[in-house]
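A quick write-up on the structure given underneath.
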Amino acid sequence: MLSVLRNTWALLGGLLLLMIGNGMQGTLLGIRGVIEGFSSFALSIVMAGYFLGFLFAARATPWMIGRVGHVRVFAALASIISACFVLFPTFPDEIAWVILRVIVGFCFCGVYVVSESWLNGSTDNATRGKALSAYMIVQLVGVTVAQALINLTPPDGWYPFVTISVLVSISFAPILLSMSPAPAFGETRRMSLRQLYRASPLGVVAIFALGMVYSASFGMAAVFGSAMGMSVAQISLFVGAIYVGALITQYPLGWLSDRMDRRMLIVIVCLTGALACVLGASGGGFGLMVAAALLFGGMSMPLYALVLAYTNDHLDPQDMAAASGGLLFANGVGAVAGAPILGAAMDLAGPWMFFALNGAVLAGIALYAVWRMTRRPAPDPAEATPYAPVLPQATPVALEVLSEVAEQRAVAEGEGARQGDEGAVAPAAARSDG
């Protein structure tokens, strides 16, 4: 890991600042939107705009890179992100904010694609998995630190938006200065959703549903806190608890997933997350809601990587990278749909629907997983694809790299098993000759 950090510290440092800025904007817009008088539904459309832009960029960025190269794409998108954050307080209007969020989501996805390409190019097969683990930790730490910075300036002025713009602008300096010659960027063949569903129905359904949950935790958590009358400090603590929970449980759940039926673990994690939502919706005090957010984040965030690993269990190694695009699309569609559904529910029935709807989605995944357990036997844990930590905001580059790492491990394990079989046969033959 130390060698990985030596080679990528500048890139990871820049990404940390970038994630702090991105983490601040999701919470800040939820708080500021309530101050501006936006309804929960209007803010949910604003939040969904980010995921819509992200979904478009996942398809468009490779084409852009092919046309003008990594550095130009990175610099252009970075400049647009910085400018957009200054425009949010300039135009406090729902439609303007939706447009700006789509642009920001598009640009952030593009920036992540370029950064992850450079991260991939600066590592080899032996260190690539560790580099992506460090990348995930940096993302979670950045978003968590962002919640503390929300408290430094009042949310009703220009200063927090300028702070985000400055943080994002500064983050590009170490990234651009550390970039080696641009890595090759090849197009990966795609697997259709129909093919992917045929291979793993639970994988496609769960990934789509988790997109709905993720859009709620990334954007609507601050809206929920504002609607509940929380102070800015309480909102930042509530939102931060979701990401702290994810950071705590990611690796323990990954360890378990490599040693048991992943569908059973999915059921346990989903039901535990649903229980957390019941606690959050029970009307208890602020402390109980923070505890519920901690458990909810600790269960819902790692589910994404767990479902990806389960899906790869039912794919041939050479198909794993091709499947990543379909999974990303299904997750993106769920994220775009999830926030408006939650916003409408909060306007109709009250802010407690934040927990109620998320709990219902997690319980639905658990029930579907139980039904799928009656339709197909569990893969042998010894032959399962190794778990790799990844967050829902991963781009096609990160998913394809993780799939390649899993493919290499699967091939290596298969070759090792064949060599072991040959080694067992050879002594037996020697004994029969003797």
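Since every read-out is calculated from the coordinates, none of them should be taken as a lab result. In this text the structure is predicted, and so the values were computed from the model without any measurement. All Cβ positions, even for glycine, are placed from backbone atoms using ideal geometry, and neighbour counts span all protein chains on display.
Miscellaneous remarks
- For region 84-99, backbone phi angles converted through the Karplus equation (6.51, -1.76, 1.60; θ = phi - 60°) give residue-by-residue couplings of 4, 5, 6, 7, 4, x, 6, 10, x, 9, 4, 5, 4, 5, 4, 4 Hz, Gly and Pro being listed as x.
- Here the 3J(HN,Hα) profile of region 27-32, calculated from phi with Karplus coefficients 6.51, -1.76 and 1.60 at θ = phi - 60°, is 6, 4, 5, x, 5, 5 Hz, Gly and Pro shown as x.
- Total formal charge among the other residues, if their Cβ is under 13 angstrom from that of Gly37, Lys/Arg +1 and Asp/Glu -1: -3
- ³J(HN,Hα), Karplus 6.51/-1.76/1.60, whole Hz, each residue of region 136-142, x for Gly, Pro: 5, 4, 4, 4, 5, 5, x
- Taken over region 33-163, the percentage of Cα pairs per 10 Å bin, counting from 0 up to the bin with the maximum distance, is 11, 32, 37, 16, 4, 0.
- Cβ-defined net charge surrounding Tyr368, 12 Å radius [Lys, Arg +1; Asp, Glu -1]: +3
- Which of Ser115, Leu55, Ile99, positive extreme of dipole for region 1-123 (C-beta unit charges): Ser115
- Structural descriptor for region 14-147: relative contact order 46 percent, calculated from alpha carbon pairs under 8 angstrom and at least 6 residues apart.
- Val204 sits among other residues whose Cβ lies under 12 Å from its own Cβ, and their net charge, with Lys and Arg +1 and Asp and Glu -1, is +3.
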